[in-house]
């Protein structure tokens, strides 16, 4: 997989939401990091996008105006809304939120069942599934916690791979050219289908990995 770019929140001078990944980048979806302060309330509705929201920090609540149902949002909560679904996000403690928006899944395509879920049980490697291809969003996502000196291999040839570093530091190395890129908190890397890369954890590493659906 060819390294297309890396970006950090610092590139956007504190703008919120920060557009770390846009449609023009190629993977087919958008990824933002937003910060919000206690007491704020957002009324949201995306007519032509599916929206996935992952709480990284802070606390709040999610309300469905159609049903009045309220769900607590804490770090590790994932919510999914289909096109045209109105929802309200209320910030109770300062929050940091990752938003994933897929504009390709709209029009005549079926809208998936919306959900709010917390992190599921880790697999044998310690990874936690956030989204699967069965959710119908057009990509899969997982939370990865890699101990210091662990090496992760990015080998699948048929998907784009996006990684967002929540905490810790690592080094991404192209196994063909041996070019290496240092990664740290609030950095995003984007790999297109192609050559293999290895990610070495220089410290305990916490990241969110997103793959486009094969």
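The values are calculated or read from the model by the stated rules, or taken from the named source; none is laboratory data. Everything quoted here is computed from the prediction, not taken from an experiment. In this analysis, Cβ positions are derived from the backbone assuming ideal geometry, glycine residues included, and neighbour counts consider all displayed protein chains.
Checking the conditions here, which among 71, 8, 22 is farther than 18 Å from residue 164 by Cα, touching a strand residue (DSSP E or B) at 6+ places or on another chain (Cβ under 7 Å) and surrounded by fewer than 18 Cβ atoms within 10 Å (Cβ to Cβ)? None of the others qualify; the one that does is 71. One residue alone among 56, 89 is over 21 Å from residue 185 (Cβ atoms) and out of contact with any helix residue (DSSP H, G or I) (no Cβ under 6 Å at 6 or more places or on another chain), and that residue is 89. Return a yes/no flag: does segment 136-147 have any residue that is surrounded by fewer than 17 Cβ atoms within 10 Å (Cβ to Cβ) and either part of a strand (DSSP E or B) or at pLDDT 70 or above (or both). The answer is yes; a qualifying residue exists. The selection criterion, being out of contact with any helix residue (DSSP H, G or I) (no Cβ under 7 Å at 6 or more places or on another chain), assigned to a strand (DSSP E or B) and modelled with pLDDT under 85, holds for residue 153. Do we have residue 95 as modelled with pLDDT of 85 or more and either surrounded by fewer than 19 Cβ atoms within 10 Å (Cβ to Cβ) or closer than 19 Å to residue 32 by Cα (or both) here? For residue 95, the condition - modelled with pLDDT of 85 or more and either surrounded by fewer than 19 Cβ atoms within 10 Å (Cβ to Cβ) or closer than 19 Å to residue 32 by Cα (or both) - is met. Once segment 194-214 is narrowed to residues that are over 11 Å from residue 168 (Cα atoms), part of a loop (DSSP other than H, G, I, E, B) and in contact with a strand residue (DSSP E or B) (Cβ under 7 Å, 6 or more places away or on another chain), the residue that is modelled with the lowest pLDDT is 213.
Among the residues making up segment 194-214, those that are surrounded by fewer than 15 Cβ atoms within 10 Å (Cβ to Cβ) and more than 18 Å from residue 147 (Cα to Cα) are 194, 214.
Going through segment 33-61 one residue at a time, which ones are at pLDDT below 85 and in a loop (DSSP other than H, G, I, E, B)? Answer for segment 33-61, where residues must be at pLDDT below 85 and in a loop (DSSP other than H, G, I, E, B): 45, 46, 47, 48, 49.
Taking the criterion of being surrounded by fewer than 22 Cβ atoms within 10 Å (Cβ to Cβ), at pLDDT below 90 and part of a strand (DSSP E or B), the only residue of segment 181-193 that qualifies is 192. Among the residues examined, residue 30 qualifies as modelled with pLDDT under 85 and within 29 Å of residue 185 (Cβ to Cβ).
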